[in-house]
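The values are calculated or read from the model by the stated rules, or taken from the named source; none is laboratory data. Not measured: the values here are computed from a predicted model. Every residue, glycine among them, receives a Cβ derived from its backbone with ideal geometry; neighbour counts consider all protein chains shown.
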Amino acid sequence: MLLYQWHELGRHWMSPWIQLADANAKIFSNPNSWLSRLPGAERVSAYNELVYRLGKDYEKPEWSIHQVDKDDASIPVVEQEIIRKPFCRLLRFKRYTDDAGSIATLKEEPSVLVVAPLSGHHATLLRDTVRTLLRDHKVYVTDWVDARMVPMSEGEFSLDDYIAYVEEFIRHIGADKLHVISVCQPTVPVLAAVSLMAGRGEKTPRSLVMMGGPIDARHSPTEVNGLATRKPLSWFENNVIHTVPETYPGHGRKVYPGFLQHAGFIAMNPSRHFMSHWDFYSDLVKGDQQDAQSHRQFYDEYNAVLDMPAPYYLQTIRTVFQEFLLPRGKWKVKGELVNPAAIRNTALMSIEGELDDISGLGQTAAAHAMCSGIPKTRHRTLVVEGAGHYGIFSGRRWREKVYPQVRDFIAKYA
């Protein structure tokens, strides 16, 4: 199938018109331009900016975490690459200070590994999660690489490889001093990784915080779950898997393209996105730059998508959403049985959003019954009232309601 190639051809063909729309938007809004003083100039500018933003390419956003406020002081933060793998970078956001007392405090704070989703968006979607955690923790995060940028010489990447990456990162940081937070999709491979480590007698993290993930997708199935159960695996292989064209380093690689994933995101709630763009146009016409800038910031992140490796995507569909191998106790990773009951020395917290339309209520909390080897006193469940999927790890509700409980849970077992 040549869909990816046709998409690239259309993108290149439209590029001059998109750039023209950007130029028109600026010309008709710049106060130094005589065109901005024409009747209706604000509408012409708003229309052109909307066209530009609907058609432009969205690159991976920067993390842009340069400082964190702590104890009424601003502490500089530096992004460091700790490990580089073909399909992922392990990053640390390191805090710096010249104050001797503050240095001692920072060194004693718990280490947290945030395992970001590999499910369409870039890991920067968790920017608010990471920035908030930096108030009280040493923070590491998995920064997944766009599969179209990985040469074929690096081999394939599957769900089993994802688990191996997580294990390697935990060992590198040091499991005996580490707390792991997984958001959405990685709750499954993270639980698998820690289960396998426990089964081998390895040290496991002090705590696991699992947020809005499909550990047992049979509970409160959502539309996302429904698609996977209605279609056979062959449908996904024949309809959403395509080959990266020659214009990218990963040409020849089989992927689930980001542009198809983005179309799926929009299709889940088209009316909400339509109204969001209409409001953006109206804000520009009215001159409400504050609300317009909020729209830009959200969609700069939301519209930036990556390609997922086909083996990883298809294995995830089969294992998690079709055969439910983890909750059924039948999942083997490279011959090893994934047995969450083997985990004994790790505290477990599950967090779910009351209105989550991606991972339904009960899907994440199902981990508690599987982890029967953990003493009941070390289990914690949290359902966030009024929160959707993104609200449990980003935004005001995350910062004011969820984070304080996550912080206290980690501190209890630190």
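Can you work out which of the residues in the range 265-281 that are out of contact with any helix residue (DSSP H, G or I) (no Cβ under 8 Å at 6 or more places or on another chain) and not aliphatic (A, V, I, L, M) is modelled with the highest pLDDT? This residue is Trp278. Within the range 298-339, being under 16 Å from the mean Cα position of the chain (by Cα) and free of Cβ contacts under 8 Å to residues at least 40 places away in the same chain holds for one residue alone: Phe298. Would you point out the residue of the range 373-404, among those that are surrounded by fewer than 15 Cβ atoms within 10 Å (Cβ to Cβ) and on the phi < 0 side of the Ramachandran plot, that is nearest to the chain's Cα centre (by Cα)? The selected residue is Arg396.
Pull up the range 375-408, narrow it to residues that are assigned to a helix (DSSP H, G or I) and among the aliphatic types (A, V, I, L, M), then point me to the one that is nearest to Gly212 (Cα to Cα). Even if it seems obvious, please write down each step before you answer.
From the range 375-408, those assigned to a helix (DSSP H, G or I) are 376-378, 390-392, 396-408; that's our starting set.
Those left that are additionally among the aliphatic types (A, V, I, L, M): 392, 402, 406.
Values: Ile392: 8, Val402: 12, Val406: 14 Å.
Per the stated criteria, the residue is Ile392.
Listed conditions (1) in contact (Cβ under 8 Å) with a residue 12 or more places away in the chain; (2) within 19 Å of Phe236 (Cβ to Cβ); (3) among the charged types (D, E, K, R) are all met by Asp357, apart from (2). Of all residues in the range 152-198, those satisfying the criterion of being surrounded by 24 or more Cβ atoms within 10 Å (Cβ to Cβ) and aromatic (Phe, Trp, Tyr) are Phe157, Tyr162.
Go through the range 166-183 and give me each residue that's modelled with pLDDT of 95 or more and in a helix (DSSP H, G or I). Residues satisfying the conditions are Val166, Glu167, Glu168, Phe169, Ile170, Arg171, His172, Ile173, Ala175.
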